[in-house]
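The values are calculated or read from the model by the stated rules, or taken from the named source; none is laboratory data. Predicted model, so just to flag it, every value in this text is computed and none were measured. Cβ atoms come from the backbone with ideal geometry, glycine included; neighbour counts cover every protein chain shown. Accessible surface is based on the protein model in full, side chains and every heavy atom, while ligands, DNA and RNA are left aside. Shrake-Rupley method; radii C 1.70, N 1.55, O 1.52, S 1.80 Å.
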Amino acid sequence: MKSLIIYATKYGTVEKASNLIKDKMKDEVVIVNILKQDPPSLIEFDNIILGGSIYIGNIQKKLKQFAINHEEELLMKRVGLFICGGADKEEEKDKELKNAFPAKLYENAICKCSFGYEYKFEKLNFFEKAMIKKITGIKGSVYKLSEDTIEDFTNAMNRTI
Ligand SMILES: Cc1cc2nc3c(=O)[nH]c(=O)nc-3n(C[C@H](O)[C@H](O)[C@H](O)COP(=O)(O)O)c2cc1C
């Protein structure tokens, strides 16, 4: 079972999550940052995982557009979808996850999860820091990536029966 992980990240959280998935997946895994590299043809892959992060309510455009352009092909595969985002409420996380991908793909996905988030204050610009402080009250770096959720997600992708 060959797997392809296609991800988009701004400050590295989704990349970290993608690498955690890669390390736990059985068999061969190809991993691609869609913001830096065009993904390969999907033909040779059994599992396709798409992951991105949420900024002002939306996932990276390039990743969403890829999912839209390849929807028919993706519907023939075992697909896993994930986001990283700062929402804490389950309802909000579900809304962001659902909004991030085409509806049919979301419904057909083997697993779909929100993995949590990080804020790396040393990397944010002045406006981003001000915005995060104002909206969330958070004033410094935090690590809230749920490695347990990532493990459950990977186990579901690895399960074949
Ligand atoms: C300017 C800014 C806007 C953000 N907007 C949202 C948002 O609308 N919803 C959300 O859930 N998270 C939001 N986040 C949180 C990011 O999704 C979170 O920090 C994530 O871990 C970033 O992942 P990345 O480093 O892979 O891009 C925002 C973060 C920043 C810095």
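Below is a table of values for the structure above.
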| quantity | calculated |
| --- | --- |
| Every residue from region 114-144 that is in a loop (DSSP other than H, G, I, E, B) and either basic (Lys, Arg) or exposed (fewer than 13 other Cβ atoms within 10 Å of the Cβ) (or both) | Lys120, Glu122, Lys123, Asn125, Gly137, Lys139, Gly140, Ser141 |
| Looking only at region 97-113, and only at residues there that are assigned to a loop (DSSP other than H, G, I, E, B) and open to solvent by less than 30 Å² (accessible area, probe 1.4 Å), the one that is nearest to Tyr55 (Cα to Cα) | Phe101 |
| Tabulated pairs, region 9-25, first among the aromatic types (Phe, Trp, Tyr), second open to solvent by 20 Å² or more (accessible area, probe 1.4 Å), C-beta under 6 angstrom, 6+ apart or interchain | Tyr11/Lys120; Tyr11/Lys123 |
| From the options Asn19, Asn47, residue that is open to solvent by less than 50 Å² (accessible area, probe 1.4 Å), within 19 Å of Asp152 (Cα to Cα), polar (S, T, N, Q) and more than 10 Å from the ligand (Cβ to nearest atom) | Asn47 |
| Gly80, sole failed condition from (1) touching a strand residue (DSSP E or B) at 6+ places or on another chain (Cβ under 8 Å); (2) farther than 22 Å from Tyr143 by Cβ; (3) small (Gly, Ala, Ser); (4) within 16 Å of the ligand (Cβ to nearest atom) | (4) |
| Near pairs, Cβ below 9 angstrom, 6+ apart or cross-chain, from region 145-156 (in a helix (DSSP H, G or I)) to any residue that is aromatic (Phe, Trp, Tyr) | Glu147/Phe115; Thr149/Phe82; Thr149/Phe115; Ile150/Phe82; Ile150/Phe115; Phe153/Phe82; Phe153/Phe115 |
| Residue selected from region 60-77 under the condition open to solvent by 50 Å² or more (accessible area, probe 1.4 Å) and of a type in the set (A, V, I, L, M), by the criterion nearest to the ligand (Cβ to nearest atom) | Ile68 |
| Asp94 being open to solvent by 70 Å² or more (accessible area, probe 1.4 Å), under 20 Å from Leu50 (Cα atoms) and within 13 Å of the ligand (Cβ to nearest atom) | yes |
| Number of the condition not met by Met1 [criteria: (1) under 15 Å from the mean Cα position of the chain (by Cα); (2) touching a residue at least 24 places away in the same chain (Cβ under 8 Å); (3) open to solvent by 20 Å² or more (accessible area, probe 1.4 Å)] | (1) |
